[in-house]
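What follows is a set of notes on a single structure, which appears directly below.
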Amino acid sequence: MENVVLTVHLILALLLVGIVLVQRSEGGGLGMGGGGGGAMSGRAAANVMTRLTWILAAAFIGTSITLTIFAARDSAGTSVIDQIGGSAPAPATTEAPLGTDLLPPAPTNAPLTPPRADDAAVPAT
């Protein structure tokens, strides 16, 4: 079933790209679009092309959501590491390695909080 939806999705993508490229440029940004008659001229053709673009876009979004649901259902409860057969890394130790502490060691009788600025201004008696 997933392969059928994927095939329809790819066909819709190609049709959507094709229908957008066939449409006439409104602003003439590509230097094309103006003049000329033929089977694809007039406002009626523009309405058909616009409607077809909307239908293809809605179907494309629908197949995208369907493929997302399939992928989420298939991957429930598994991990990428489980799929490739690896093992999870060992938990990190709580101790920091030597040389990573930026502060010098504190003396054993040091206060828990640093002194305030007004404490330093008062002389000890």
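General observations
- Those residues of segment 47-77 which are more than 21 Å from the chain's Cα centre (by Cα) and over 30 Å from S25 (Cα atoms), in sequence order: G77
- Neighbours by Cβ (under 7 Å, 6+ apart or cross-chain): first from segment 1-16, under 11 Å from L56 (Cβ atoms); second not β-branched (V, I, T): L12/L56; L12/A59; L12/F60; A13/F60; L15/L56; L16/L56; L16/A57; L16/F60
- Against the list (1) loosely packed, with under 10 Cβ neighbours inside 10 Å; (2) at pLDDT below 65, the condition G86 fails is (1).
- Close pairs from segment 48-75: first at negative phi, partner assigned to a loop (DSSP other than H, G, I, E, B) and loosely packed, with under 14 Cβ neighbours inside 10 Å, Cβ under 8 Å, at least 6 apart: F70/M1
- Residue ID - modelled with the lowest pLDDT, chosen from residues in segment 70-83 that are loosely packed, with under 12 Cβ neighbours inside 10 Å and of a type in the set (A, V, I, L, M, F, W, C): A76
- Filtered by the rule that a residue be modelled with pLDDT of 90 or more and surrounded by 11 or more Cβ atoms within 10 Å (Cβ to Cβ), segment 23-53 gives L52, T53.
The values are calculated or read from the model by the stated rules, or taken from the named source; none is laboratory data. Every value quoted in this text rests on a predicted model; they were computed, and no experiment measured them. Ideal geometry is used to build each Cβ from the backbone, glycine not excepted, and the neighbour counts take in all protein chains shown.
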